[in-house]
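Beneath this line is the structure, given in structure tokens, with notes to follow.
The values are calculated or read from the model by the stated rules, or taken from the named source; none is laboratory data. All values reported here derive from a predicted model rather than from experimental measurement. No Cβ is skipped: glycine too gets one built from the backbone with ideal geometry, and neighbour counts run over all protein chains shown.
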Amino acid sequence: MVAVLLWLLTRWPLVPRWLVNFDLANFAFALDEFSPAEHKPQPPGYPLFVGLTRLLRLFSDDPMVVFAVAGLAGCLVAIVALFRQAELMFGLRAAIASTVLLLLHPALWTAGLLNPVRVFLATGSAVIGLLAWKSWHRDANRWWTVGLWAAIGLTAGFRPGLAVLMLPVGIAATLRRRSSAADWAMAAAALVVSVGSWLVVCARGSGGMREYLLMLGRYLDDHSARTSILFGAPLLPALAMAGEAILWTAAPAIAWVWLVPLLPRSVLTDAWRKAGLLVVLWMGPSFLFSTLVHSAEPGHVLPMVPPLCLIGAFVLGHLRRPRIAGVAVAVSAAIHIALFYWPPLEVLRPASAVAVRTAARQADDALSLVRELQREGPLTLVASPAAAVGWRVLSYYHRDRPLVVLHSNPESAASPRYWLMRNGDIVAEGLDVVPLPDSGKVIWFLSAQSPLPEVPGVPDSSKRVGGAIVTDMPKDTRVRLANYVLITPTASSTAGRWR
């Protein structure tokens, strides 16, 4: 109950009114139709998260409420699992400290508000860490090991990458228990059944298992090619990604790392012998993946956060005097809150209230502008990848509005590829002149550096309104924006592709 109250106090006042990014809009579409091939939601599909949100939708039709509550559920499970593990390993004081450190970690805090599915990276990591510890000893009950492998499979249904990242700690825990061949067979069966329970659903929603696996490969390649040195990215972007991942994970450790020298060497040695290998195998694969393969946002580092918070809880829980320990936990909480609300470095802003408020404001401004202008007559939306608000958000809230998606930023487009969308679906695409469905107003959601589109013979036809551009487009009009050319229909209509 205390954890729920703390969550409500720290999270609920900041929950955005609207979907604020691509991922949330994709999940909102998935509430009605599960199709990873059509990004409902984006690959790899996250079927158990979609299932959870569909259950929660029985109680609320507001997708932001549904996703916020789903994030709450994941956060609470992670806190309870880490609390129990810290209590078993280091005592009650460490368990209390672990709750504070995990609940207030800026990466988890931000993920719960902007992309709740990523909360389950911490959830899966914490649950698997607990079960691995329960299986870590020779006399451990075999059912803890079976449960460990079932958890690896099931939590992967929320975040499929966890199945790979948590394999080393699962294997190590099973080996340390001196499991028999029968135990290994039961563990394997638990993994196969738990993974199969959601993998079949993903394959069915993607056109078959082969298509699903190919789609995963393309998705990973697309998202890692620019920043991962393993996928051919230049050195500097790869180093920047690694540095961001480390700071997003470890910056809050400044709250307790300076206390390590105050602990007796014997305490540190005993802790390393007791749990050093567990923590390394629990955290290490996620560290390598985040620094070498992919970590575009703070939520991607969350598998590392529970083990790091466990280390911090050990430090805070082993201070000699309870009163000093209590003060240290309070100071740690204050530092975490300060990092979230007032990030001292630019690199920490994506894991802060600044990012949450900026995303919420941009979405609110864009959606309010569309609602206001649609009262004045025909309205077409045009969006590029660099827009402050994602075109997927626009297509969710204004499904009846025609939407042109420019695949490249106009000022840097090598080829003018576009999609024509209605009701969240592609109705046409092409590389030639973009046909608009009707005359009237066009709202352009472009980058802040984009030039104003101009209608020939109509001076000052475009004006900036907030972060968007509004243009009046008469019939039979052609407008150029860098390499893109868009035309409105004549009375005989040249926009048949919209039908």
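Here are some notes:
- Residue pairs meeting the criteria (Cβ under 7 Å; at least 6 apart or on separate chains; first in contact (Cβ under 8 Å) with a residue 60 or more places away in the chain, in region 179-202; second in a helix (DSSP H, G or I)): Trp198/Pro47; Trp198/Leu48; Val201/Pro47; Cys202/Pro36; Cys202/Pro47; Cys202/Tyr212
- Within region 415-424, considering residues that are in a strand (DSSP E or B) and touching an Asp or Glu at 6+ places or on another chain (Cβ under 8 Å), the one nearest to Phe34 (Cα to Cα): Arg422
- Flag for Leu154 being touching a residue at least 24 places away in the same chain (Cβ under 8 Å), surrounded by fewer than 17 Cβ atoms within 10 Å (Cβ to Cβ) and within 20 Å of Pro306 (Cβ to Cβ): no
Results for (1) of a type outside the set (Gly, Ala, Ser); (2) closer than 25 Å to Val267 by Cβ; (3) more than 21 Å from the chain's Cα centre (by Cα), shown as yes or no for each residue.
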{"site": "Pro63", "(1), (2), (3)": "yes, no, no"}
{"site": "Phe67", "(1), (2), (3)": "yes, no, no"}
{"site": "Phe90", "(1), (2), (3)": "yes, yes, yes"}
{"site": "Val100", "(1), (2), (3)": "yes, yes, yes"}
{"site": "Leu103", "(1), (2), (3)": "yes, no, no"}
{"site": "Leu114", "(1), (2), (3)": "yes, no, no"}
{"site": "Trp133", "(1), (2), (3)": "yes, yes, yes"}
{"site": "Trp143", "(1), (2), (3)": "yes, no, yes"}
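- Counted residues, region 451-494 - those being among the small types (Gly, Ala, Ser) and modelled with pLDDT under 80: 6
- Residues located in region 361-404, provided they are without any contact (Cβ under 8 Å) to a residue 24 or more places away in the chain and within 16 Å of Ile469 (Cβ to Cβ): Ser368, Glu372, Leu403
- Hey, Phe34 without any contact (Cβ under 8 Å) to a residue 40 or more places away in the chain and in the same structural domain as Gly326 (by TED's automatic domain parsing) or not: no
- Considering each residue of region 108-127 in turn, none proves to be over 27 Å from Ala250 (Cα atoms), in contact with a Ser or Thr (Cβ under 6 Å, 6 or more places away or on another chain) and either outside the structural domain of Ser290 (by TED's automatic domain parsing) or crowded, with 24+ Cβ neighbours inside 10 Å (or both).
- Filter pass, Ala97 being outside any loop (DSSP other than H, G, I, E, B), closer than 20 Å to Val80 by Cβ and not hydroxyl-bearing (Ser, Thr, Tyr): yes
- Here Phe83 meets the list (1) surrounded by fewer than 20 Cβ atoms within 10 Å (Cβ to Cβ); (2) in contact with a Ser or Thr (Cβ under 6 Å, 6 or more places away or on another chain) almost entirely, failing just condition (1).
Listed here are the residues, each with its yes/no results for (1) closer than 18 Å to Leu121 by Cα; (2) buried (at least 16 other Cβ atoms within 10 Å of the Cβ); (3) touching a Lys or Arg at 6+ places or on another chain (Cβ under 6 Å).
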position: Leu259; (1), (2), (3): no, yes, no
position: Ser266; (1), (2), (3): no, no, no
position: Asp270; (1), (2), (3): no, no, no
position: His294; (1), (2), (3): yes, yes, no
position: Pro307; (1), (2), (3): yes, yes, no
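- Checked against the criterion of being polar (S, T, N, Q), assigned by TED's automatic domain parsing to the domain that holds Gly45 and modelled with pLDDT of 95 or more, the candidates Ser179, Ser98 yield just one match: Ser98.
- Near pairs, Cβ below 8 angstrom, 6+ apart or cross-chain, from region 471-489 (more than 13 Å from Val382 (Cβ to Cβ) and assigned to a strand (DSSP E or B)) to any residue that is modelled with pLDDT under 80 and of a type in the set (A, V, I, L, M): Asp472/Val455; Asp472/Val458
- Test: Ala132 is closer than 27 Å to Leu348 by Cα and part of a helix (DSSP H, G or I): no
- Filter result for Ala30 (out of contact with any Asp or Glu (no Cβ under 6 Å at 6 or more places or on another chain) and over 20 Å from Leu154 (Cα atoms)): no
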